[in-house]
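The structure appears below as structure tokens.
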Amino acid sequence: MPTATMTNTTAPPATRTAKLPLWGLMALFTAAFTAVMTELLPAGLLPQMSTALHVSEGRIGFLVTVYAVASFLAAIPLTAALRGLPRRPVLIGALAGFAIFNAVTAFSASYPLTFVARLLTGVMGGTLWAMLAGYAARMVPAERRGRAIAIVLAGITVALSLGIPAGTALATAFGWRTGFAALAALAGVLVAWVSWKVPDFPGEAAAERIPLRRVASLPGIPTVLLITLLLLLGHQAMYTYMAPFAERSGFGHTSLVLLVFGIATVAGVWLVGTLIDRHLRSTLLGALALVATAMLALGLLGHTPTVLLIAVALWGVAFGGAPTLLQAALVDASGPGNADVATSMQTTVYNAGIATGSLTGGLVLEGAGAGALPWTALPLVVAALAIVTAARRHAFPANRRRLSGPSAMESRQADTG
């Protein structure tokens, strides 16, 4: 297993041209899609759920909050507690939890029961997010890790840009319970799919586990986590309040602005997938520079509808691939064997950035108005860009290191299914 000392390894020639295990990666992609849909679907169903459960829409909104808080709190301790177990049973257990608790939500007529179901689903979400990128990395040769991670995390983008609108429309047409029942059924299908097409990997022997504090201090890990925090702070401070910012420009079609952003993120994920394995550092620098440019344009000329839409499109392309780039850099720094623990830390930082960024943006909006939002985000993104520029050795090297870890051949040998 990888340790704090990294070694250079090169995949054998046979694995260089080996096809990606697409069926297995698509199972993990669908797991990411299901997790995002499960977390955010209530936000689009506030009136229907409020009426059915006899509570205010605000309390239905808490069902999104409790999921996020549970995921935030559970990611690190639960990942640490389960790191000695074989990986596929843990993954299947998390997906089975999604199936069970989404089914409970679908049939519940009690708000307290629904609240508990959502809390437990959030725990499953924290476990799942800590596993996905590391799992993808272990399924492929080292030089294909970036693309594998990009495929899996594209499930997030597809869920946000297409899944949530489609799920909301389905639930509006056939009842909100249908939406959660469909997610429960999808998670059930995933249990069988993962059992069939996703290889198993051993857990970490107790004597070989690196303590959490040492994983957190591996060269490059603190830098990647800091960049994640800065980017999410800046992004969320602006994105959360796009509606009042768009209204400030006289462009009242907030849904169109968000649609442009969503479509652009899909393009960004595709673009990063083609570049990440050869040009991770330069692609991340370009993405951060593009986000900074978009914030500058929004700050100077965001009151003009045309500039608003162009800047949002550029921002979407850049941000769409940024989480994948940061996740791949984290796996490079930690090694696949420590990726679950490192990713659980990134999951916590990611959620902290979302929460703090939204809070910061709200305070700025109340105090200085929507026009100040891009100027709040810009210095955070510029700081992230400066740190990546300086981090040439461990976190974002010009030539990505090949970390010790399972090769594709070892992955096949580990497959017990």
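Listing for the model above:
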item: Rounded if a/c under 1.5, otherwise prolate or oblate - region 164-304, Cα gyration tensor axes; result: oblate
item: Efficiency of FRET from Cβ geometry, ALA169 and VAL189, R₀ 22 Å, rounded to 0.05; result: 0.55
item: Computed helical MRE - 222 nm, the chain, DSSP H runs ≥ 4 contributing -39500 (n - 2.57), nearest 500; result: -26000 deg cm²/dmol
item: Least to most buried among HIS303, HIS54 (fewest other Cβ within 10 Å first); result: HIS54, HIS303
item: Cα-projected label distance for GLU366 with ALA81, points at 7 Å along beta-carbon direction, nm; result: 3.6 nm
item: Global form of region 212-390, assessed from the alpha-carbon gyration tensor, a/c cut-off 1.5; result: prolate
item: Region 29-62 versus region 180-249: alpha-carbon centroid distance in Å; result: 20 Å
item: Virtual spin-label span in nm between TRP270 and ALA109, 7 Å along Cα→Cβ; result: 4.8 nm
item: LYS19 paired with ARG59, simple spin-label distance in nm, labels 7 Å along Cα-to-beta-carbon; result: 5.3 nm
item: Sorted by Cβ density within 10 Å, fewest first, the residues LYS19, LYS197; result: LYS19, LYS197
item: Sites LEU256 and LEU300 - FRET efficiency at Förster radius 22 Å, r taken between beta-carbons, to 0.05; result: 0.55
item: Residue-by-residue Karplus 3J(HN,Hα) for region 141-155, coefficients 6.51, -1.76, 1.60, Hz, glycine and proline x; result: x, 4, 6, 10, 4, x, 5, 4, 5, 4, 4, 5, 6, 4, x
item: Ranked list, fewest to most other Cβ atoms within 10 Å of each Cβ, for ARG248, ARG213, ARG147; result: ARG213, ARG248, ARG147
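Just so you know, all these numbers are worked out from the coordinates, no wet-lab data involved. Note that this is a predicted model, so its numbers are computed, not measured. When we count neighbours, we look across all protein chains shown, and the Cβ atoms used for this are built from the backbone with ideal geometry, even at glycine.
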